[in-house]
Amino acid sequence: MAKTPPAPLTSEQRQGVLQALTNAPAPQTAADLFKRLPAALGLKRPQVEEVLAAGVTEGSLVPCPATTAKGKPRFWHQTLAAWLTPPLRDLLSAATEPLSAAPLAKLLTLGVKVSEADLQPVLDQLCQSGDVHRYPPATAKGKPRYATRSPAELLRPAILRVLTTKGGLPLPKLVAALKGTDPGLIQQTVEQLCQERQLFVHPPLGKGGGKSAGKSAQSCFKTTPIAPLEFLEEVRTALRKTVPTLQAAGVPPEELRRALVQLATEVGIPLATAAMAGQPATGSHIPASSFPANSYAGSGPTGSVPGPPGPSVPAGAPTVDLVSLMRQLNPGADTGTLIGAAELRQRAGLPKEEFDRQAVALARAGRISLHEHDFRSRLSPEEQAQLIHDGAGRYYTGLSLRQ
């Protein structure tokens, strides 16, 4: 006995299938869509396949490729490109580095899992249109990466990030760290950053002036300017050994200062005799008599910290431009970045008492703010010794330029 053919589909049944597909969060196979249909429609899966095929023929539905080689074809009311392009472009625009299809698929938040197979043709299409740039893999076994920004746009923050993390690198090592990027473009971008003073070339010198650098040493690129004292450590050590001997032998301070001026001039450093004789350098030291009597800039609850006048200036005390050193240590100093007291003292090369006196003087003059330590009692004596002491019982962890 022949089977009775199924009754023709009603318009209500066809509309129910199409509505369920429109409401689906992603393309559906016939089997997946059949599971989403209400039982009241009384449909069987072959009838669902019939509606889908008719929709493709009429142009109201779009066929989508299967997610796997052996998978079934899928159907939806829009193309993969129309579905995925807007969120994919937003995701790539927000990314700080190129991403391959796999992490992009995981990062897309569409309420349903997106496969690499769905993303790849969309990425290829965006690359063809110029909306997205294709980058080489980051590793030998990696896959192509993608970004909306050009290599030149992404390279600047990438270079600064690498050099900030590494603390400085010669150009060949920087090229190696930026895998897959054109070396010529890296060199060109580094040169531009140096012209803009976002990067600084550090010579291949050891701290003693070149002896420990070696013949194969290379110039290094860093995000901070050169600190000359780092390269004069041997000079400083020699002076600390020699000067006390000369003082013990009765050499007058004026003769020592004159000798230092002569040495500096011989190596090409113009040095005013008046400055070496203990006169204040412009913007570095202000006599204590000109300070406000009872306050200087700080970070206490009211923005000012009371304190007595600082100690008198010792005769012949070295004066260092701490403000300039703060800017050398961190380019963000002019925007209020906090500079650690211990780091600045080491860079200045001053004895602790003299450094503290000059820092307090600058604070009293309103040029810097001193940031007070709230829990000094918890610090060890060695840690407390790293803080700035104002002579009135207050201790400070760092300094920042007044805005």
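The values are calculated or read from the model by the stated rules, or taken from the named source; none is laboratory data. Not measured: the values here are computed from a predicted model. Backbone-built Cβ (ideal geometry, glycine too); neighbour counts: all protein chains shown.
Report, by residue number, each residue of the stretch 19-41 that is more than 22 Å from Val122 (Cβ to Cβ), surrounded by 12 or more Cβ atoms within 10 Å (Cβ to Cβ) and among the small types (Gly, Ala, Ser).
Residues satisfying the conditions are Ala20, Ala30.
Taking the stretch 176-204, which residues are under 24 Å from Ala147 (Cβ atoms) and in contact with a strand residue (DSSP E or B) (Cβ under 9 Å, 6 or more places away or on another chain)? Reasoning before the result, please.
We begin by selecting, within the stretch 176-204, every residue under 24 Å from Ala147 (Cβ atoms); these are 176-193, 196, 198-199.
Ala176, Ala177, Gly180, Thr181, Val190, Leu193, Leu199 - these are the residues of the stretch 176-204 that are under 24 Å from Ala147 (Cβ atoms) and in contact with a strand residue (DSSP E or B) (Cβ under 9 Å, 6 or more places away or on another chain).
If a residue must be in a loop (DSSP other than H, G, I, E, B), crowded, with 18+ Cβ neighbours inside 10 Å and touching a residue at least 40 places away in the same chain (Cβ under 8 Å), how many such residues does the stretch 100-123 contain? Spell out the reasoning first.
Here is the first cut: in the stretch 100-123, the residues in a loop (DSSP other than H, G, I, E, B) are 108-115.
Then drop every residue that is not crowded, with 18+ Cβ neighbours inside 10 Å, which leaves 108, 114.
So of that shortlist, the ones also touching a residue at least 40 places away in the same chain (Cβ under 8 Å) come out as 114.
The qualifying residues number 1.
Out of Pro46, Pro86, Pro65, which single residue is closer than 30 Å to Thr181 by Cα and outside the structural domain of Arg161 (by TED's automatic domain parsing)? Break it down stepwise before answering.
Values: Pro46 fails: closer than 30 Å to Thr181 by Cα; Pro65 fails: closer than 30 Å to Thr181 by Cα.
Within the list Pro46, Pro86, Pro65, the selection yields Pro86.
Just give me the residues in the stretch 22-43 being part of a loop (DSSP other than H, G, I, E, B) and hydrophobic (A, V, I, L, M, F, W, C), in sequence order.
If the condition is that a residue be part of a loop (DSSP other than H, G, I, E, B) and hydrophobic (A, V, I, L, M, F, W, C), then Ala24, Ala26, Leu37, Leu43 are the ones that fit.
Filtering the stretch 32-79 down to residues that are of a type in the set (Ser, Thr, Tyr) and modelled with pLDDT of 90 or more, which residue is farthest from the chain's Cα centre (by Cα)? Write out each step before concluding.
So the first thing to find is which residues in the stretch 32-79 are of a type in the set (Ser, Thr, Tyr), and the list is 57, 60, 67-68, 79.
Adding the requirement that they be modelled with pLDDT of 90 or more leaves 57, 60, 79.
Working: Thr57: 54, Ser60: 49, Thr79: 39 Å.
This residue is Thr57.
State the number of residues belonging to the stretch 83-99 that are surrounded by 14 or more Cβ atoms within 10 Å (Cβ to Cβ) and either in contact with a helix residue (DSSP H, G or I) (Cβ under 9 Å, 6 or more places away or on another chain) or in a loop (DSSP other than H, G, I, E, B) (or both).
Residues of the stretch 83-99 that are surrounded by 14 or more Cβ atoms within 10 Å (Cβ to Cβ), as a first pass: 83-85, 87-89, 91-92, 95, 98-99.
Those still in the list that are either in contact with a helix residue (DSSP H, G or I) (Cβ under 9 Å, 6 or more places away or on another chain) or in a loop (DSSP other than H, G, I, E, B) (or both) too: 83-85, 88-89, 91-92, 95, 98-99.
The qualifying residues number 10.
Gln120 - would you say it is out of contact with any Cys (no Cβ under 7 Å at 6 or more places or on another chain) and either farther than 24 Å from Pro65 by Cα or assigned by TED's automatic domain parsing to the domain that holds Gln218 (or both)? Show your work before the answer.
Details: out of contact with any Cys (no Cβ under 7 Å at 6 or more places or on another chain): yes; either farther than 24 Å from Pro65 by Cα or assigned by TED's automatic domain parsing to the domain that holds Gln218 (or both): no.
Criteria not met by Gln120.
Within the stretch 369-397, take every residue that is more than 27 Å from Leu232 (Cα to Cα) and assigned to a strand (DSSP E or B) and give me the one that is modelled with the lowest pLDDT.
Of the residues in the stretch 369-397, the ones more than 27 Å from Leu232 (Cα to Cα) are 369-381, 384, 389-396.
From the residues that got through so far, the ones that are assigned to a strand (DSSP E or B) too are 369-372, 389, 395-396.
Working: Ser369: 89, Leu370: 89, His371: 83, Glu372: 79, His389: 89, Tyr395: 85, Tyr396: 88.
It comes out as Glu372.
Does any residue in the stretch 129-146 that is free of Cβ contacts under 8 Å to residues at least 40 places away in the same chain come within less than 9 Å, Cβ to Cβ, of a residue that is outside any loop (DSSP other than H, G, I, E, B) and buried (at least 17 other Cβ atoms within 10 Å of the Cβ) six or more places away or on a different chain, and which pairs are these?
Correct list of pairs: His133/Tyr146; His133/Ala147; His133/Pro151; His133/Leu154; Arg134/Leu123; Arg134/Arg145; Arg134/Tyr146; Arg134/Ala147.
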